[in-house]
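Contents: one structure, followed by commentary.
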Amino acid sequence: MKKAEELLKKYNQEHIIPYLEKNEELEKQVLKIDFEELNKLCLKARNLRIEELENIQPINAINPDKLSQNEKEALIKKGTEVISENKLAVVTMAGGQGTRLGHIGPKGTFKITIGDSEKYLFQILADNLIREGKKYGVTIPWYIMTSKENNQDTMDFLKENEYFNYPKSELFVFVQEEMPLITTEGKLIIEDGLIKEASNGNGSIFASMEKAEVIKDMEKRGVEWIFIGSVDNILLQMVDPLLIGVTLNDGSYAASKTILKNAPNEKVGVFCKENGKVKVIEYTELPEKLSTELNEHGELLYGESHIMCNLFNIKALKRAATQEMQYHIATKNIAGVSCYKFEKFIFDAFNMFEHISILRGKREADFAPIKNKEGVDSPKTAVELYKNYWGI
Ligand code: UTP
């Protein structure tokens, strides 16, 4: 108790001290917090400026439409071998808070109506993986990343729904890391006797997988390639032999499938190269002049969008798990209080590798995200895209 109290005093968080009495869980929480890091991040948040982009260049994506039939078939054959030998695993990132959608409960428990049937987002993913597994005669190991906040609800929901028929021995749920929330005044928040924490962004996936011994489990199973995608894109192609084939052919350890941005102001991050390394620039950080520039084919020069459709070799995952990833800072209003939220982004891992394969996909076949309640990227637009793709 003494140590926790001292820490709280030292870092100007005395308002937490009265809650410490007979509260071992809170004490444990306090002892685990890296106050130095939190202080540094707060300082950074207060002096936040948009970082200058240094020496950036557009990126070249492989466009499958430009490949010959033979080239494409050879690449697909390579990828097919990996999948048929059960060397591919899939990870679904489901630790987000889904604030924009405003659904109560984990985002994967959100239900959409497709024609006459209703489906949950987790069900769409499970159906997809079952269908793809059958195609290649394997059961694909499926890992779902939750957060402390939604883990129990996710587990209960999956169990109630009998895991949507996914073989239980091939389905694993693990919890991602957390970060305390802090008010813009620099104070920790106490809720129900504990310090309020929130998931620290999908970029913590690498360290979280290592900590939860997911990478070890994959190794034991002979998994070599890992697809990592989001929970909320109902057209996400998780088992893609062409993406794997292209990556193998390039000798890369990581790859990403993009789609072309539909307008300069579409709210998606885009790929570029900065000082020779692959980087994703968030839409808020791309200067307007660059966002409208066109290439010789009349396409947006900085138009290859990151759609959370990423592939990693297991060696790449192991490496990413040991490296520090930067925190991005957002100011959010949480229950009426202005707070800083610190998040790591998965795409920041790309600059750890010499070469990343970028394959251009197609919006109508790869991207039907559910982000907002209404308007763009809403259940309505996503279902429309889904129905068109499947001819429903
Ligand atoms: P988004 O950044 O779109 O966040 O996540 P979100 O939680 O779905 O929605 P908003 O921004 O609060 O409205 C993209 C993917 O990354 C996962 C999400 O679950 C989603 O699949 N994610 C996000 C995590 O797994 N952990 C996080 O800490 C954040």
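Here, each number is a calculation from the coordinates, and none is a lab measurement. Every value quoted in this text rests on a predicted model; they were computed, and no experiment measured them. Positions of Cβ are generated from backbone atoms using ideal geometry, with glycine treated the same way; all protein chains shown enter the neighbour counts.
Beyond a 31 Å Cα-Cα separation, which of these cross-linked pairs lie in this structure: Lys277/Lys318; Lys32/Lys111; Lys28/Lys318?
Numbers: Lys277/Lys318 19 Å; Lys32/Lys111 37 Å; Lys28/Lys318 28 Å.
Lys32/Lys111, as the Cα separations exceed 31 Å there.
Once you've got the Cα coordinates, tell me which of Lys261/Lys289; Lys87/Lys279; Lys72/Lys387; Lys78/Lys257; Lys77/Lys134; Lys267/Lys387 are over 21 Å apart.
Listed pairs above 21 Å: Lys87/Lys279; Lys72/Lys387; Lys267/Lys387.
Around Glu178, under 9 Å between beta carbons, what's the net of Lys plus Arg minus Asp minus Glu among the other residues? Write out the running numbers ahead of the final one.
Numbers: positive: Lys148; negative: Glu149, Glu177, Glu197.
Spelling it out: positives minus negatives among the neighbours equals -2.
So how strong a dipole does the chain carry about its Cα centre when Lys and Arg Cβ are +1 and Asp and Glu Cβ are -1, to the nearest 20 debye?
Using only the charged Cβ atoms, the result is roughly 220 debye.
Sorted by packing (mean other beta-carbon atoms within 10 Å per residue), highest first, where do 97-103, 236-242 land?
236-242, 97-103
Using +1 at the C-beta of Lys and Arg and -1 at the C-beta of Asp and Glu, which of Gly303, Val280, Thr322 has the Cα lying farthest in the positive direction of the dipole of the range 271-323?
Thr322
Under a point-charge model restricted to the Cβ atoms of Lys and Arg (+1) and Asp and Glu (-1), what is the dipole moment magnitude of the range 28-165 relative to its Cα centre, in debye to the nearest 20?
140 debye
So for each of 298-311, 33-46 I average, over its residues, the number of other beta carbons within 10 Å; can you give me the resulting order with the highest mean first?
Ranking, from highest mean packing down: 298-311, 33-46.
Quick one: Cα centre-to-centre distance for the range 283-300 and the range 98-147, in angstrom?
Between the Cα centres of the range 283-300 and the range 98-147 lies a distance of 34 Å.
Given charges of +1 on the Cβ of Lys and Arg and -1 on the Cβ of Asp and Glu, with all other atoms neutral, how large is the dipole of the range 241-379 about its Cα centre, in debye to the nearest 20?
It comes to approximately 460 debye.
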